[in-house]
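Report on one structure; see the data block that follows.
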Amino acid sequence: MEGPLSGITVVDLTTNISGPSLTMILADLGAEIIKIERPDNGDDSRAMGPFWEGEGVYFLHINRNKQSMVVDLKQESGRQIVYDLVGQAEVFVENFRFNKCEQLGLGYDKLKAINPSLVYCSLSAYGQEGELRERPGYDAIAQADAGLMGINGSEGSEVSRIPVSILDQGSAMWGAIGIISALFHRERTGEGQLVTTSLYETGVFWMGYHMLSWLVTGKEPEKMGANHTAFAPYGAFQAGDGLLMIGISNNSLFKRLCSVLGKLEWVEDPRYKTNPARVQNMKELAVKIENILQEKTADDWVDLLARGGVPSSKIKRVSEVANDEQSEAVGMWSNLLHPEITDFKLPRLPFSLSESPVSIRKVPPKLGENTMDILERAGYSEEQMRSLLDTGAIQGNLKVKK
């Protein structure tokens, strides 16, 4: 069975994390991704370690199911290659700094003139408007600017970023949703359009109820660590041999927790009877809960709480999650045959489709691995490809026909 985007061709001019994460989503959904990389070094993420048999893990993670070609966009002949590919494609994606594509002659208006039905996606740090639009920005910078870093961590702790590329990959998700929506519109009307998103917009959106709470109360949100501003008990608790997370969001769950802990009298205690009361007295309540939890191991409590219908988990390390039975049960890992890496596997996208499955079909490409194949399919002759190689407009291995 083919993926839902089978037959869709995407010209991909992205690098680093955000843009390649977006095109990875489209690739896993079945689209053909033509990844255009700069000469010699290619995508910046190729050099981001640690390295697995010489391949950067950042690149490996988000560039499966793609074809790589090397094109020098500073040369007119290199830009002409992009024009030719765009003329045959449905989607174009870039994540350069503001106005860079326009300066290269690859802006929306230029490519729209070549292909009026093109869906053009621009993923940036700060969006297409405002004073900050020309600033460079990475995930951590946008976390700081959007307020996420300011609320991350525990009370009195140093400032810390959320230690995953949450805005890079988050904006990739919104970009993919925007592209798919634009393709649906294109299917109905024949019209292409411009899709824009940014790390900053994603960050502000994900501030969510913290932003609305400030609008209502005028109070800056406090750092809560593993706790929650709106629910209690909700956070990390010390058991006999380690930490576990417990989440109580309503009175029914609190009663179940009290039953497991042998403290049903707390249910009618005025300090804990309602969620607002528990939030007001969360520190006192947490001490009482931890005094009981330290009587057993974290594993024992997770088992007891699960049987009692209380949401909880051990706070796991990466090594535990990688080997977790649940990860295996839901099929999070895809095993792939890699020419150089033994036992190569990648995590799949976190959703499934019953009739048009999401799949990882191809390992991440070597730099320029598919340059000649792509040009040949685009109608370039062997003579033209030799000329482009000679001028350095492209890089790759020309297969000599016998």
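The values are calculated or read from the model by the stated rules, or taken from the named source; none is laboratory data. Note that the coordinates shown come from a computational prediction; the quantities given were computed from them, not determined experimentally. All Cβ positions, even for glycine, are placed from backbone atoms using ideal geometry, and neighbour counts span all protein chains on display.
In the range 212-235, the residue that is nearest to the chain's Cα centre (by Cα) out of those that are of a type in the set (A, V, I, L, M, F, W, C) and loosely packed, with under 15 Cβ neighbours inside 10 Å is 226.
Quick test for you: out of 169, 193, 128, 143, pick the one residue that is farther than 27 Å from residue 349 by Cβ and either polar (S, T, N, Q) or out of contact with any Ser or Thr (no Cβ under 7 Å at 6 or more places or on another chain) (or both). Outline the logic, then answer.
Numbers: 169 fails: farther than 27 Å from residue 349 by Cβ; 193 fails: farther than 27 Å from residue 349 by Cβ; 143 fails: farther than 27 Å from residue 349 by Cβ.
Among 169, 193, 128, 143, only 128 is farther than 27 Å from residue 349 by Cβ and either polar (S, T, N, Q) or out of contact with any Ser or Thr (no Cβ under 7 Å at 6 or more places or on another chain) (or both).
The set of residues from the range 215-229 being at pLDDT 90 or above and among the aliphatic types (A, V, I, L, M) comprises 215, 216. Taking the range 64-181 and the helices (runs of 4 or more DSSP H) fully enclosed by it, the elements with 2 or more residues that are touching a Gly at 6+ places or on another chain (Cβ under 6 Å), in the same structural domain as residue 17 (by TED's automatic domain parsing) and more than 21 Å from residue 12 (Cβ to Cβ) are at 139-146. Let me confirm something: among 73, 118, which residue is closer than 30 Å to residue 205 by Cα, surrounded by 17 or more Cβ atoms within 10 Å (Cβ to Cβ) and among the hydrophobic types (A, V, I, L, M, F, W, C)? So the residue among 73, 118 that is closer than 30 Å to residue 205 by Cα, surrounded by 17 or more Cβ atoms within 10 Å (Cβ to Cβ) and among the hydrophobic types (A, V, I, L, M, F, W, C) is 118. Examine the range 268-281 for a residue that is of a type in the set (A, V, I, L, M, F, W, C) and under 26 Å from residue 222 (Cα atoms), and state whether such a residue exists. Within the range 268-281, one or more residues are of a type in the set (A, V, I, L, M, F, W, C) and under 26 Å from residue 222 (Cα atoms).
Looking at this structure, is residue 283 closer than 20 Å to residue 153 by Cα and part of a helix (DSSP H, G or I)? Against the criterion (closer than 20 Å to residue 153 by Cα and part of a helix (DSSP H, G or I)), residue 283 qualifies. Looking at residue 318, is it closer than 22 Å to residue 51 by Cβ, free of Cβ contacts under 8 Å to residues at least 40 places away in the same chain and exposed (fewer than 13 other Cβ atoms within 10 Å of the Cβ)? So residue 318 fits the description; yes.
Tell me, please, whether a residue that is β-branched (Val, Ile, Thr) and surrounded by 17 or more Cβ atoms within 10 Å (Cβ to Cβ) can be found in the range 325-344.
The answer is no, given that none of the residues of the range 325-344 is β-branched (Val, Ile, Thr) and surrounded by 17 or more Cβ atoms within 10 Å (Cβ to Cβ).
Residues in the range 73-100 that are over 28 Å from residue 129 (Cβ atoms) and touching a residue at least 60 places away in the same chain (Cβ under 8 Å): 75, 77, 78, 81, 84, 85, 88.
Does the range 274-288 hold any residues that are over 36 Å from the mean Cα position of the chain (by Cα) and hydrophobic (A, V, I, L, M, F, W, C), and which are they?
277, 285, 287
If you go through the range 10-41 and keep only what is more than 25 Å from residue 127 (Cβ to Cβ), in contact (Cβ under 8 Å) with a residue 60 or more places away in the chain, touching a Ser or Thr at 6+ places or on another chain (Cβ under 7 Å) and of a type in the set (D, E, K, R), you end up with 28, 37.
The rows are residues; the columns are (1) under 30 Å from residue 396 (Cβ atoms); (2) free of Cβ contacts under 8 Å to residues at least 12 places away in the same chain; (3) under 20 Å from the mean Cα position of the chain (by Cα); (4) assigned to a loop (DSSP other than H, G, I, E, B).
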position	(1), (2), (3), (4)
290	no, no, no, no
296	no, no, no, yes
327	no, yes, yes, no
362	yes, no, yes, yes
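With respect to being more than 22 Å from residue 166 (Cβ to Cβ) and under 21 Å from the mean Cα position of the chain (by Cα), residue 59 falls outside the description.
If I go through the range 303-325 residue by residue, how many of them are in a helix (DSSP H, G or I) and not basic (Lys, Arg)?
Filtering the range 303-325 for residues in a helix (DSSP H, G or I) gives 303-307, 318-322, 325.
With the extra rule that they be not basic (Lys, Arg), the set shrinks to 303-306, 318-322, 325.
Qualifying residue count for the region: 10.
Counting residues in the range 368-378 that are under 26 Å from the mean Cα position of the chain (by Cα), of a type outside the set (S, T, N, Q) and at pLDDT below 95 gives zero.
State which residue is surrounded by the fewest Cβ atoms within 10 Å (Cβ to Cβ) when the search covers only the range 1-48 and only residues that are part of a loop (DSSP other than H, G, I, E, B) and hydroxyl-bearing (Ser, Thr, Tyr). Ranking the candidates gives 6 first.
Cβ contacts < 8 Å: first residue without any contact (Cβ under 8 Å) to a residue 12 or more places away in the chain and farther than 12 Å from residue 89 by Cα, restricted to the range 101-119; second residue in a helix (DSSP H, G or I) and among the hydrophobic types (A, V, I, L, M, F, W, C), any location; separation 6+ or different chain. Result? Cβ pairs passing all conditions: 107/101. Taking each residue of the range 42-56 that is assigned by TED's automatic domain parsing to the domain that holds residue 370 and looking for partners that are of a type in the set (Phe, Trp, Tyr) and part of a strand (DSSP E or B) with beta-carbon atoms closer than 9 Å, six or more apart or interchain, yields 52/344; 53/344.
Residue-by-condition table, conditions (1) modelled with pLDDT of 95 or more; (2) among the hydrophobic types (A, V, I, L, M, F, W, C):
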| position | (1), (2) |
| --- | --- |
| 123 | yes, yes |
| 127 | no, no |
| 134 | no, no |
| 138 | no, no |
| 159 | no, yes |
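Which members of the range 14-30 meet the condition of being more than 15 Å from residue 370 (Cβ to Cβ) and of a type outside the set (Val, Ile, Thr)? Across the range 14-30, the qualifying residues are 16, 18, 19, 20, 21, 22, 24, 26, 28, 29, 30.
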